[in-house]
Amino acid sequence: MAPKVPAVRLNNGLEMPALGLGTYMATEEEGIAAVKMAIDEGYRHIDTAYFYQNENQVGQAVRAKIAEGVIKREDVYVVTKVWNTYHASEHVEQAFRRSLDNLGLDYVDLYLMHWPTGWKFAGWSPSDFMPMDATGRTINSDVDYLETWSAMERLLETGKVKSIGVSNFNSEQLTRLLANCKVKPVTNQVECNPGINQRKLIDFCRQHDIVITSYSPLGRPNLTDPVVGTEGIPKHALDDPRVLGIAKKYGKSAGQVVLRYLIELGTVPIPKSSRLERIRQNIDIFDFQLTADEIKVLDGFNTGARTVPFNFSSAHKYFPFKLEY
């Protein structure tokens, strides 16, 4: 029987499953198969983005499982995101409509601003996603993320979006957004793993009733990303004898211990996998709890090192990683 995933209550009264499936780089048939497997294994939270170029696959898999009677639409929480080149008010709704068409669904549960950094709009094809100058730096726009957020707020009025949130925002950007918004973001999706545990940002967001969603929760141990150019941080937490000892104590894997740690911190992890064994492992983390001493062991891996540094956009006035949190 598939594990039961608890729900996290959001500041608008709606709920989000406390663990989801990340889908970055899960495209073509692999993407369809991964989402289908995840739904069969009990996942009810699927995270995608226009930038990932797999909304079609995610939607196809979700619709297939609805058609099979495995789930109803209201059972699955679907998240997608507006990309950096579509921050201008006149592009936000069109970007959303394209995502909705790609998914083939009547609505999305959560729509996020992928980054606070707006880039030059060049078109809608994947070749336009990363406008770069001759030095390999992004060609930035001067669109304020407050303008983007205001356009996202208007999407709520359509009924096609249930909740809105942000991703990769730091505490100063969130403070400014909260002072100027009509609708508070329900979540801030950020990189969060033992190497960068985001405790200060988690505490800040908790004070403002904003849930942290953790991407790259295992530190991207096996991924070389063609976009950000990372080779992944050392797999120290996953390989460390202390973590392996904790895993043995509970009859779990090191990855499951790390995901449980992120749950204990109060975040919603969205691990990505296309392998059935790993998909099963990643969701099977709700039948044990770490002790305070075990959490301290995991805390000890925090260095603040990012696997998604996004340095090619560091000249942007809204680049979020100039602050500690």
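The values are calculated or read from the model by the stated rules, or taken from the named source; none is laboratory data. In this text the structure is predicted, and so the values were computed from the model without any measurement. Heads up, the Cβs are rebuilt from the backbone with ideal geometry, glycines too, and the neighbour counts pull from every protein chain shown. Just the protein is used for accessible areas: all its heavy atoms, side chains included, with ligands, DNA and RNA removed. Shrake-Rupley method; radii C 1.70, N 1.55, O 1.52, S 1.80 Å.
Values computed for the structure shown
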quantity: Residue tally, condition in a loop (DSSP other than H, G, I, E, B) and either touching a Pro at 6+ places or on another chain (Cβ under 9 Å) or not charged (D, E, K, R) (or both), over the stretch 193-210; calculated: 6
quantity: Residue that is modelled with the lowest pLDDT, among those in the stretch 273-303 that are among the β-branched types (Val, Ile, Thr) and open to solvent by 40 Å² or more (accessible area, probe 1.4 Å); calculated: Thr303
quantity: Matching entry among Val183, Val166, Val190 (being of a type in the set (A, V, I, L, M, F, W, C) and part of a loop (DSSP other than H, G, I, E, B)); calculated: Val183
quantity: Flag for Val5 being touching a Gly at 6+ places or on another chain (Cβ under 7 Å) and farther than 21 Å from Tyr111 by Cβ; calculated: yes
quantity: The listed residue being more than 30 Å from Val78 (Cα to Cα) and either open to solvent by 30 Å² or more (accessible area, probe 1.4 Å) or not acidic (Asp, Glu) (or both), out of Val243, Val268; calculated: Val243
quantity: Failed item, numbered, when Ala305 is tested on (1) in a helix (DSSP H, G or I); (2) of a type in the set (A, V, I, L, M); (3) over 17 Å from the mean Cα position of the chain (by Cα); calculated: (1)
quantity: For Gln189: the one exception among (1) touching a helix residue (DSSP H, G or I) at 6+ places or on another chain (Cβ under 9 Å); (2) open to solvent by less than 10 Å² (accessible area, probe 1.4 Å); calculated: (1)
quantity: Neighbours by Cβ (under 8 Å, 6+ apart or cross-chain): first from the stretch 304-325, open to solvent by 30 Å² or more (accessible area, probe 1.4 Å); second in a loop (DSSP other than H, G, I, E, B) and among the hydrophobic types (A, V, I, L, M, F, W, C); calculated: Ala305/Ile233; Pro309/Val228; Phe321/Phe310
quantity: Residues of the stretch 192-201 that turn out to be open to solvent by less than 10 Å² (accessible area, probe 1.4 Å) and in contact with a Cys (Cβ under 9 Å, 6 or more places away or on another chain), as a count; calculated: 1
quantity: Strands (runs of 3 or more DSSP E) wholly inside the stretch 1-118 containing at least 3 residues that are among the β-branched types (Val, Ile, Thr), touching an Asp or Glu at 6+ places or on another chain (Cβ under 8 Å) and open to solvent by less than 10 Å² (accessible area, probe 1.4 Å); calculated: 77-82
